[in-house]
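Visitor: Can you read through this structure? Questions will come right after.
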Amino acid sequence: MQIMMATLLFIIPSGKREGEKLMDWNKCKKIQWNIILLLGAGFAIADGFKTRGLTDILSNGLRFLKGAPTLVIVPVACVLSGIMTEFTSDDSTTTLVLPLFAELAKSIEVHPALLMVSGAIGAQLSYLLPTGSPSNVVGFSTGYITIKDLVATGLPLKIVAIAALTVLLPTLGNIPA
């Protein structure tokens with residue numbers, strides 16, 4: 001599907017000048033392919049987690065949450081998906097952790113929304129590495145932003161967001177048992 005979409009860029013007219021397409025070879029040569037490959041690698045890692053059974057290993061490793069209070073479950077789910085999202089894209093992390101957390105919720109006997117909302121929000125906290133989200137890639141590809149800059153700015157944001165989620169998620173309402 002992605003190859004078809006990329007091919008269409010060479011076919012669809014840009015509308016600026018007669019005969020000009022959205023993409024031509026000169027523009028294509030200027031693309032920073034290393035960043036695109038990083039994003040693709042993130043999707044491949046997420047798929048590898050699923051197909052090789054690593055999601056089952058993660059689920060078994062998190063069974064210690066059974067009987068734990070909400071103030072422990074929420075940050076653990078958020079931190080887990082928040083760490084994973086730094087190495088894969090936020091979309092692929094969400095695709096990976098939501099089914100994992102839904103199954104885990106059944107086994108530790110909590111409402112799935114508790115883990116799934118925590119995991120989904122945690123997966124969007126991809127501030128530390130360029131692979132986490134397209135906006136990180138765009139900023140990093142300019143050459144003006146380094147990984148050190150991303151970490152220095154993103155780590156406090158991530159910590160505050162996890163703390164806020166831990167405090168605020170239980171106030172959203174009663175979670176039916």
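Visitor: Please compute the Kirkwood hydrodynamic radius of the range 111-177 from all pairs of different C-alpha atoms, in Å with one decimal. Don't jump to the answer; show the numbers that get you there.
Guide: Values: mean 1/r = 0.0748 Å⁻¹.
After inverting the pairwise mean of 1/r, the radius is 13.4 Å.
Visitor: Let me ask another. Check which residues have an amide H placed less than 5 Å from residue 21's amide H, if you skip close sequence neighbours.
Guide: Residues meeting the criterion, in which the H sits 1.01 Å from N, are 14.
Visitor: Quick one: accessible surface of residue 140, probe radius 1.4 Å, all protein chains present, in square angstrom to the nearest 10.
Guide: We get 60 Å² for residue 140.
Visitor: With all protein chains present and a 1.4 Å probe, how do 18, 86, 103 order by accessible area, largest first?
Guide: Working: 18 185, 86 10, 103 105 Å².
Largest accessible area first, the residues go 18, 103, 86.
Visitor: Taking the Cα centre of the chain as origin, work out the dipole magnitude from +1 charges on Lys and Arg Cβ and -1 charges on Asp and Glu Cβ, in debye rounded to 20. Before the final figure, lay out the partial values.
Guide: Details: 13 positive and 11 negative charges, 50 e Å.
Dipole about the Cα centre, nearest 20: 240 debye.
Visitor: A further question on this structure: Under a GNM of the chain (C-alpha, springs under 10 Å), which listed residue has the highest mean-square fluctuation: 134, 69, 156?
Guide: 69
Visitor: Name the most mobile residue of 67, 19, 143, meaning the one with the largest mean-square fluctuation, in a Gaussian network model of the chain with Cα contacts below 10 Å.
Guide: Maximum fluctuation in the GNM of the chain, among the listed residues, is at 19.
Visitor: Further, regarding this structure: Hey, could you get me the Stokes-Einstein D for the range 47-147, Kirkwood radius over alpha-carbon pairs, 10 °C and 1.306 mPa s, rounded to whole µm² s⁻¹?
Guide: 114
Visitor: Number of Lys pairs in the chain with C-alpha atoms less than 17 angstrom apart, excluding same-chain neighbours closer than eight positions?
Guide: Working: 16/27; 21/29; 21/30; 66/106; 148/158.
Here the count comes out as 5.
Visitor: How large is the helix-only mean residue ellipticity at 222 nm for the chain, computed as the sum of -39500 (n - 2.57) over DSSP H runs with n ≥ 4, divided by its residue count, in deg cm²/dmol to the nearest 500? Intermediate results must be reported in sequence, preceding the final value.
Guide: Numbers: 9 runs with 117 residues, N = 177.
Calculated from helices alone, the mean residue ellipticity at 222 nm is -21000 deg cm²/dmol.
Visitor: Moving on. Out of 29, 16, 66, any idea which swings most in a Gaussian network model of the chain, alpha carbons joined below 10 Å?
Guide: In the Gaussian network model the winner is 16.
Visitor: Now for a separate question. Any chance you could run the full-extension gain for residue 11 through residue 171? It's 0.36 nm times the residue separation minus the Cα-Cα distance, nm to one decimal.
Guide: Working: separation 160, 0.36 × 160 = 57.60 nm, distance 5.14 nm.
Length gained between residue 11 and residue 171: 52.5 nm.
Visitor: Next up: Starting from the 7 Å offset along Cα-to-Cβ, what nm value, one decimal, do you get for the label separation of residue 160 and residue 47?
Guide: 3.8
Visitor: Measure nothing fancy, just the Cα-based angle from helix 90-108's long axis to the longest principal axis of the chain, in degrees from 0 to 90, nearest 10.
Guide: 20
Visitor: Then there's this: Using every Cα-Cα pair within the chain, state what percent have a distance larger than 26 Å. List each step's numbers first, then the result.
Guide: Numbers: 6543 of 15576 pairs.
When every Cα pair of the chain is considered, 42 percent fall beyond 26 Å.
The values are calculated or read from the model by the stated rules, or taken from the named source; none is laboratory data. Predicted model, so just to flag it, every value in this text is computed and none were measured. As a convention, Cβ positions derive from the backbone with ideal geometry for all residues, glycine included, and neighbour counts pool all protein chains shown. Side chains included, ligands, DNA and RNA excluded: accessible areas come from the protein's heavy atoms. Shrake-Rupley method; radii C 1.70, N 1.55, O 1.52, S 1.80 Å.
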